[in-house]
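A short reminder: the numbers here are calculations on the coordinates, not readings from a lab. Model, not experiment: these values are computed from the prediction. Don't worry about glycine lacking a Cβ; one is built from the backbone with ideal geometry, like all the others, and counts go over all protein chains shown.
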Amino acid sequence: MITRQKPNLTQHTSAMKQNEIAQMSMTDLSARIVEESGVLAKLELNHAVSPIENPMKIRITRRVIARLKTELRKREIETAKKN
């Protein structure tokens, strides 16, 4: 019986864990969102021209951006509650 191993998608992508994101400052989060958005645009453009080697990179990058935006919004709400 042949067993298949799951590919390690985080090896060649910029996937981040939630605890890593939680430790970042507000300015770091904003800067990282801009950076990841640029990476996503570049990946999508390259994929439209010719298929990229690992199309899962697009999904992973979108999810990282979503995690970053969620954390940023959570902090904005916490700050608003304090004031």
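List of remarks:
- One chain, two ends: residue 48 and residue 31. Fully extended at 0.36 nm per residue, the span grows by 3.5 nm beyond their Cα-Cα distance.
- The residues packed around residue 81, meaning those with a beta-carbon under 12 Å from its beta-carbon, carry a net charge of +1 if Lys and Arg are +1 and Asp and Glu are -1.
- Counting only residues at least eight positions apart within a chain, or on another chain, the lysines with an alpha carbon under 19 Å from that of residue 69 are 17, 57, 81.
- Taking other residues whose beta carbon is less than 13 angstrom from the beta carbon of residue 55, and scoring Lys, Arg as +1 and Asp, Glu as -1, yields +1.
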